[in-house]
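Q: This structure is in structure tokens; I'll ask about it shortly.
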Amino acid sequence: MREVDVAVRRLLRSLSRDPDLKTVLNKSPHRQMLRKVRLALEKEASTPPLPCPNVIRISEYPLGSVMGPVFEAHRSYAVTSGTRVPREGDARRYAFVLSLLTPSDSFMDIGIGSGAFVNAVYSTGMMGRVSGMDRNRRSDFYQIHKWQVWQHRLQEPVRDELKADVVTCMECIEHIPDPDFSLAVENLKLLANKRLIVTVPFMEYPLAKFHHQRFDLERLHQLFPGATLTLLAKSKALPWVLVDWNKR
């Protein structure tokens, strides 16, 4: 409930400046905030519950015959080049997303990072045209295969040559601040001709230093109507949620 989140955060900020609760609550703006909280709670009570996501224990998901060798190749490259060593948890998430893909004429990964996931997709041979997009190349970027790399930001106008039948975007959109966020999500949908798969941190609080967006079930259903959600549970760390959205 975003209305509740906003109202409570404002109220807590005010309380931190004025610890006298009665004084704070008697101020007109705060009475209005509390009224918004009450109305939001009443609205939620009368609204049918959102469908619960499927749950996958991603910390136990096997790397498989494709992602495993790619992960080892990236780890070896990181050791020899002195760059960031890839995390096995990321590789297990990539392996699960890879298992969801089906053959298609074109594929694009947005926010390619090290390039590991695109290397894995290329290795399967299931996609006709394979490409990746990022605003710049990271120091640990490594191409096992030669595929097209586009330097582009989601907030920029969508070009036809960037569109693909299947688009993935993992651990990316939470880094986009307002007011660019809404435009970036709309452009993301435009880039996908048929299918879009997104992963983001789920119910993150407080936000990490470089994160600007928080995602709960309600917000994800608003951003991607009709999408299937899957919770990617980890043993201890914050879970991810996967959004599988088909363009109608």
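Q: Which is in contact with a helix residue (DSSP H, G or I) (Cβ under 8 Å, 6 or more places away or on another chain) and in a strand (DSSP E or B), of ASP244, ASP165?
A: ASP244
Q: Something else: Within the stretch 75-119, how many residues turn out to be closer than 26 Å to LEU191 by Cβ, in contact (Cβ under 8 Å) with a residue 60 or more places away in the chain and either open to solvent by less than 10 Å² (accessible area, probe 1.4 Å) or in contact with a Lys or Arg (Cβ under 8 Å, 6 or more places away or on another chain) (or both)?
A: 9
Q: Applying the selection to the stretch 59-87, what residues are touching a helix residue (DSSP H, G or I) at 6+ places or on another chain (Cβ under 7 Å) and not basic (Lys, Arg)?
A: Answer for the stretch 59-87, where residues must be touching a helix residue (DSSP H, G or I) at 6+ places or on another chain (Cβ under 7 Å) and not basic (Lys, Arg): SER59, TYR61, PRO62, LEU63, GLY64, VAL66, MET67, VAL70, PHE71, HIS74, VAL85, PRO86.
Q: Kindly check whether there is at least one residue in the stretch 58-81 that is at pLDDT 90 or above and charged (D, E, K, R).
A: Yes: the stretch 58-81 contains one or more residues that are at pLDDT 90 or above and charged (D, E, K, R).
Q: For the stretch 183-202, check the following and say yes or no: at least one residue is in a loop (DSSP other than H, G, I, E, B) and under 22 Å from HIS74 (Cβ atoms).
A: No, the stretch 183-202 contains no residue that is in a loop (DSSP other than H, G, I, E, B) and under 22 Å from HIS74 (Cβ atoms).
Q: When only residues in the stretch 134-162 that are among the β-branched types (Val, Ile, Thr) and assigned to a loop (DSSP other than H, G, I, E, B) count, which is least open to solvent (accessible area, probe 1.4 Å)?
A: By that ranking, first place goes to VAL158.
Q: In the stretch 164-221, which residue that is more than 17 Å from TRP245 (Cα to Cα) and more than 14 Å from the chain's Cα centre (by Cα) is surrounded by the fewest Cβ atoms within 10 Å (Cβ to Cβ)?
A: LYS209
The values are calculated or read from the model by the stated rules, or taken from the named source; none is laboratory data. Treat the numbers as computed from the prediction; the structure is a model and nothing was measured. Note that each Cβ is placed from the backbone with ideal geometry, even for glycine, and that neighbours are counted across all protein chains shown. Areas reflect the complete protein model, heavy atoms only, side chains present, ligands, DNA and RNA absent. Shrake-Rupley method; radii C 1.70, N 1.55, O 1.52, S 1.80 Å.
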